[in-house]
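For reference, the structure discussed in these notes is given below.
Any read-out appearing in this document is the output of simple, stated calculations on the displayed coordinates, not a laboratory observation. Quick caveat: nothing in here was measured; it's all calculated off a predicted structure. Here the Cβ positions follow ideal geometry from the backbone for every residue, glycine too, while neighbour counts run over all protein chains shown.
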Amino acid sequence: MNQESRVFSIILLLQVASRRWQGPFLETRTKGFVSLSDHSVLFVFIDGLGIGPGTKGVNPFAGFNPRVLRLRADALGPFPRGGICIPTEATLGLKGLPQSATGQTTLFTGVNAARKLGHHLQGFPSPSLKEVIAQESLFRKITELGYKVTFANAFTPRFFKHRPRWVSTTTVMTETAGIQLRDLNHRSLFMDFTNRFLRDRGFEVPIRSPKTAADVLVELTATQSLCLYEYFLTDLEGHRGSFDSAVELLRQLDQFLDSIIESLDLGRTSLVISSDHGNIEDMSHGQHTRNPVPTMIWGNIQQIFHPFSAGLRLEEITPLIVEFFETSHDTT
C-alpha cells in the first residue's frame, strides 16, 4: 500500500474507531417501524470492493463518472435516490491483508472469523468456519423468523454433477439454512450477470444487458423477504491488475446497480450493498488492501444503520439486518 492509500485508510478507520458503541438494539427505532409483511431486502455482495484515494491510473473509480459507485475516499458520494454509504472497517482487528474466507464469514454471520482462527484465511471457509456459518448465518436467522430467503446466484450443471471439494461462504450459508441452490433453468443470475462467461463456454443462455439483469433480480426480490446476489468479478479483476479492464468492469457494474436502484420501490424494498475487503480500488499491485469497504444503504433499513453512520465494523452488518427483521417481526 502506498503512502497516500495508507493516509486515507487511517483517516477513515479513525472515523470508525471514534464512534461510541451503541449496541444494535435501540428502543427509539421501534416506533412507527415498517411491517415486513409487505417489505423485502435485497443484499448485493460485491467481492473485493474498497474505498481508496482517487489516484489516477491506480483507482479505476477515478477512470469514469459513476452514478452509484462514487467510492473514492476523497470524493465519497453523493448517491442517487437518497442512498448513504458507511465506511466499514474490514481488517477484523488483525495485522496483514484481509482475506475472503474470514471476511465473508464475518460479514454473513456477525462473528469475527479472523479472531476466532487467529489469522486471516483466504479462499473458502474451513471446517471450523463452516460450523460458525451453519449456526450463525444471516440466512439461518432470517428463515428462523419465518421469512422467505433466497440466494439469487445460478449454478451450472457441473456444480451439481461434480460438486467441488471447496465451496464459497454463500453456498455454505444457503445449504445449511435449508435453502435450495438455483440452477440455470430457474429465475436467477449467474455471477457474471451479463452471461458472457457462460456463452464463451458453450452455454445457450441469453446475453443480458445490465438493465435486463437488474430487472431479473428486482423481480426475484419481490417474491422474497431477503434476496442475496453475489458478484465477485471485481475481486478477480483486482488480482489481474489491468486498470483499463477494471474501469470497464466497474462501468458495467455501476449501470447494473443504477438500474436496480431506479427500478426498486424503496418504500417496499430496501437495498444493502457491501463487501468483504478492498482490492479493485488499488490496481497498482494485484493484492487485497486494508482499505475500508463501503456499506451502501437505500430504503427503510436506513433507520437501523443511521446510528452507525460514522463508521461500521464488518461484523456489525448481519446483526443490524437481523434487527431490522426482528423489530419488524415484533410489530406484525
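Membrane-span-like helices in the chain, defined purely by DSSP H runs whose alpha carbon atoms cover 15 Å or more axially and whose average Kyte-Doolittle hydropathy reaches 0.0, are 3-18, 210-221, 243-263, 317-331.
Here the simple spin-label model places points 7 Å from the Cα toward Cβ, and for Leu76 and Lys161 these points are separated by 4.8 nm.
When Rg and the Kirkwood radius Rh are both evaluated on Cα atoms of region 245-332, their ratio Rg/Rh stands at 1.03. Given the C-alpha centroids of region 170-185 and region 107-144, what is the distance between them in whole angstrom? Spelled out, the Cα-based centre of one part sits 16 Å from the other. When only Cα pairs below 8 angstrom with a gap of at least 6 residues are kept, region 156-241 shows a relative contact order of 23 percent. Here the relative contact order of the chain, from alpha carbon pairs under 8 Å that lie six or more residues apart, stands at 34 percent. Here the residues Glu230, Glu144, Glu281, ranked from fewest to most Cβ neighbours within 10 Å of their Cβ, fall in the order Glu144, Glu230, Glu281. Using a Gaussian network model of the chain in which every pair of alpha carbons under 10 angstrom is joined by a spring, one finds that among Ile301, Ile46, Ile207 the greatest mean-square fluctuation is at Ile207. Among Arg201, Arg187, Arg72, the largest mean-square fluctuation in a Gaussian network model of the chain, built with springs joining Cα atoms closer than 10 Å, belongs to Arg201.
Hey, fewest Cβ within 10 Å first, where do Lys116, Lys95 land in order? Could you put the intermediate results ahead of the total?
Working: Lys116 16, Lys95 8.
Ascending number of Cβ neighbours within 10 Å: Lys95, Lys116.
Where q = 0.13, 0.14, 0.19, 0.20 Å⁻¹, what log10 of I(q)/I(0) comes from the Debye formula for region 45-172, counting one point per Cα? Ignoring solvent entirely, the Cα scatterers give -0.73, -0.83, -1.15, -1.18.
Distance distribution note for region 146-223: the fraction of Cα pairs above 21 angstrom is 30%.
Under a 10 Å cutoff between Cα atoms, tell me which one of Pro292, Pro125, Pro157 has the largest fluctuation in the Gaussian network model of the chain. Largest GNM mean-square fluctuation: Pro157.
Recomputing P(r) over Cα pairs in 20 Å bins from 0, in percent from the coordinates shown identifies the correct label among (1) 33, 62, 5; (2) 30, 60, 10, 0; (3) 28, 54, 18, 0 as (1). Taking amide H atoms as placed 1.01 Å from N in the peptide plane, the amide H of Arg72 lies under 5 Å from those of Gly77, each 5 or more residues away in sequence or on another chain.
Largest first, the extents of the alpha carbon coordinates of region 169-319 on the three principal axes equal 48, 41, 33 Å.
Of the residues Trp166, Trp298, the one with the fewest other Cβ atoms within 10 Å heads the list, and the complete ranking is Trp166, Trp298.
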